[in-house]
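Colleague: Below: one structure in structure tokens.
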Amino acid sequence: MTVRDDGLPLASARMNSARASARIAVGRTNLADETTTTPPQAVPAVPEEKPAAPKFKTRKPKQRACDEKDAKGKLCAGHLKRWFDYPAEVQAVVGKDAEIYRCEFCKTIYRPDPKQQPNSYTVRY
């Protein structure tokens, strides 16, 4: 094994010089890019889109999955979850402390089946 003047083996000296040149290359910037930059232009403001009004449906007896179809006709089949903390817009439609369910994927809101006994009694804390 050959040794350089600074006492390092030749192989490790090559690796160190390669690392040093990589560090130098990373720190370089192109001066042409800095001098020809254009001032930032104002981005046109995009009007905020209001979310679509939620769709309300009534659950079928013992229904646990969403039966809504999308534009292509594909069935959503999302799980219907009990929704406790709903916004004021939904509360205006269904009333306060109503037992409602929402699909986890398409966010369709389901009212309980009128023939089925409410689950509110069994879910109390």
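No value in this document is a laboratory result; all are computed from the given coordinates. Predicted model only: the values in this text are computed from it and were never measured. No Cβ is skipped: glycine too gets one built from the backbone with ideal geometry, and neighbour counts run over all protein chains shown.
Colleague: Whose amide H sits under 5 Å from the amide H of residue 57, counting only residues 5 or more places off or on another chain, with H placed in the peptide plane?
Modeller: 109, 110, 111
Colleague: What residues have an amide H closer than 5 Å to that of residue 100, excluding those fewer than 5 places away on the same chain, when H is modeled at 1.01 Å from N in the peptide plane?
Modeller: Amide H neighbours of residue 100, under 5 Å, 5+ apart: 83.
Colleague: Please report 80, 75 as a ranked list, fewest other C-beta atoms within 10 angstrom at the top and most at the bottom. Don't skip to the answer; put the middle values down first.
Modeller: Values: 80 20, 75 11.
So the residues, fewest neighbours to most, are 75, 80.
Colleague: Full extension from residue 84 to residue 57: what is 0.36 nm times the residue separation minus their Cα-Cα distance, to one decimal in nm? Spell out each step's value before the answer.
Modeller: On the way: separation 27, 0.36 × 27 = 9.72 nm, distance 1.70 nm.
Stretched fully, the residue 84-residue 57 segment lengthens by 8.0 nm.
Colleague: If you place +1 on the Cβ of every Lys and Arg, -1 on the Cβ of every Asp and Glu, and leave all else neutral, what size is the dipole of the stretch 56-111 about its Cα centre, to the nearest 20 Debye?
Modeller: Details: 14 positive and 8 negative charges, 64 e Å.
In total the dipole reaches around 300 debye.
Colleague: Report the calculated FRET efficiency for residue 107 and residue 48 (r = Cβ-Cβ distance, R0 = 22 Å), to the nearest 0.05. Can you show the working numbers first?
Modeller: Numbers: r = 18 Å, r/R0 = 0.84.
The calculated FRET efficiency here is 0.75.
Colleague: Also, I was wondering about something else. Which entries of 62/96; 57/107; 69/96; 62/107 show an alpha-carbon separation above 21 angstrom in the structure shown? Could the numbers behind the result be given before it?
Modeller: Values: 62/96 24 Å; 57/107 11 Å; 69/96 29 Å; 62/107 19 Å.
Distance filter (> 21 Å) returns 62/96; 69/96.
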